Amino acid sequence: MKKVSIAVIGCGRIGQMHAKNIQLHEQTNLVCIYDPNEEFAKKVSNDLNVHAVENVDDIFNNNDIDAVLISSPTNTHIDFIERSVASKKPVLCEKPIDLDIKKVDEFSKRLEGNLDEEKGPCYDLGACTVYKSSLQSMPRFTIYSTRKGHSQNAVHSNLTVTQLSPSGVR
């Protein structure tokens, strides 16, 4: 089975967690990361031995990247989602999309019609949680999807990544 190649935009605390989980999952490949803060990008690049791109356009123009995970500051989300959709890359974005509901409504209208007949929308709003069940010895990472018609505890876009079980997440 071909691994899903993912790029992570934003290497703060949550971005580092996402990057590590993507890298550890057997069905995904962390292609590269991007952060305008060179220190964050360098840290994640060194820690995970992954390429840090210096220009975010390198992600949108790279045909080897199947999907984008956005964990950058909230005020950048709309721009990065729109650029991901324009480059035909499915995108999962950390919440919230923006702090201004009017901007979110305008953004939502702009994205109407960006549907793939077979796969549906190529964007999704997600929230993630890392928890440790009393029945499990290993923490479990779950992405929650808001996609209509899909289960509440998994992203079922064409990424087909449901639960990531990393070793080492605390």
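The values are calculated or read from the model by the stated rules, or taken from the named source; none is laboratory data. As the structure is a computational prediction, the values presented were derived from the model and not from experiment. Here Cβ is always computed from backbone atoms with ideal geometry, including for glycine, and neighbour counts include all displayed protein chains. Keep in mind that these areas ignore ligands, DNA and RNA; they rest on the heavy atoms of the full protein, side chains included. Shrake-Rupley method; radii C 1.70, N 1.55, O 1.52, S 1.80 Å.
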When region 1-48 is examined, which residues are found to be polar (S, T, N, Q) and within 23 Å of Asn63 (Cβ to Cβ)?
-> Ser5, Gln23, Gln27, Thr28, Asn29, Ser45
Taking first residues from region 32-57 that are open to solvent by 60 Å² or more (accessible area, probe 1.4 Å) and second residues anywhere that are assigned to a helix (DSSP H, G or I) and charged (D, E, K, R), the pairs with Cβ under 9 Å that are 6 or more apart or on different chains are Asp47/Lys20; Glu54/Glu38
Would you be able to tell me the number of residues in region 13-28 that are open to solvent by 20 Å² or more (accessible area, probe 1.4 Å) and in contact with a helix residue (DSSP H, G or I) (Cβ under 8 Å, 6 or more places away or on another chain)?
-> 3
How about region 76-96: which of its residues are under 18 Å from Gly12 (Cβ atoms), outside any helix (DSSP H, G or I) and charged (D, E, K, R)?
-> Glu94, Lys95
By residue number, the members of region 58-79 that are under 14 Å from Asp35 (Cβ atoms) and either aliphatic (A, V, I, L, M) or open to solvent by less than 20 Å² (accessible area, probe 1.4 Å) (or both) are Ile59, Val68, Leu69, Ile70, Ser71, Ser72
Starting from region 1-30, take each residue that is within 17 Å of Lys95 (Cβ to Cβ) and list its partners that are in a helix (DSSP H, G or I) and among the aromatic types (Phe, Trp, Tyr), counting only C-beta distances under 8 angstrom and pairs at least six apart or across chains.
-> Ile9/Phe80; Gly12/Phe40; Gly15/Phe40
